[in-house]
Amino acid sequence: MRISDYGDILRGQKVENRKQIIDAIYDMYDIGSDEIGEASDAAGVSYPDTPIQYLFLAQCIDAGRNLESEKDEGYVDDLYDSISETADNVIPHQTYVVWMLWVEFGYETDAYEDNGLEPSLNNLENVAQFQLMRYAEGIISSMISE
């Protein structure tokens with residue numbers, strides 16, 4: 001099975017394909033369940049249940065590895081800005097996928113509220129994106145050596 005984006009997962013996400021999809025994600029990103037567990041811990045979320053969660057965590061792990069490599073090679077000037085920029089690049093662009101991930105991870109709002117903002121029906125998409133960004137930053141930060 002070839003996985004290139006969230007759409008591939010959503011189209012092939014049947015119960016009998018779940019293991020095959022997760023194995024394809026593991027192969028594509030050269031990771032295993034230990035790395036997924038560490039990423040879950042770094043993001044402050046429970047171990048994933050759905051393949052789209054695995055893909056999100058795997059992409060965060062991959063982004064963290066790449067940023068660590070760039071840092072080691074001297075290409076990173078401001079680490080904090082680089083972590084934020086890298087995390088932003090990991091967040092899906094499709095609203096439906098953002099919503100699905102946010103719900104699957106427990107639809108928390110603490111990242112939004114920590115900035116003094118109040119979630120409402122008018123801004124839930126921003127709340128979801130902001131929360132996913134926090135998860136991504138936590139994972140990527142955990143992979144950067146000091």
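Between ASN66, ASN122, the distinction of being more than 13 Å from the chain's Cα centre (by Cα), modelled with pLDDT under 95 and either among the aromatic types (Phe, Trp, Tyr) or over 21 Å from ILE36 (Cα atoms) (or both) belongs to ASN122 only. Can you tell me which residue is surrounded by the fewest Cβ atoms within 10 Å (Cβ to Cβ) among those in the stretch 84-113 that are within 15 Å of PHE130 (Cβ to Cβ) and of a type in the set (A, V, I, L, M)? Result: VAL103.
The residue of the stretch 125-146 that is surrounded by the fewest Cβ atoms within 10 Å (Cβ to Cβ), among those that are at pLDDT below 90 and not charged (D, E, K, R), is SER145.
Under the condition of being within 19 Å of SER46 (Cα to Cα), more than 12 Å from the chain's Cα centre (by Cα) and not in a helix (DSSP H, G or I), the residues counted in the stretch 75-108 number 3.
Among the residues making up the stretch 22-41, those that are within 17 Å of ALA63 (Cα to Cα) and either polar (S, T, N, Q) or assigned to a loop (DSSP other than H, G, I, E, B) (or both) are ASP30, ILE31, GLY32, SER40.
Would you confirm whether or not the stretch 65-72 contains a residue that is surrounded by 19 or more Cβ atoms within 10 Å (Cβ to Cβ) and outside any helix (DSSP H, G or I)? No.
The values are calculated or read from the model by the stated rules, or taken from the named source; none is laboratory data. None of the values given here were measured: they were computed from a predicted structure. FYI the Cβ positions are ideal-geometry reconstructions off the backbone, even for glycines, and counts take in every protein chain you see.
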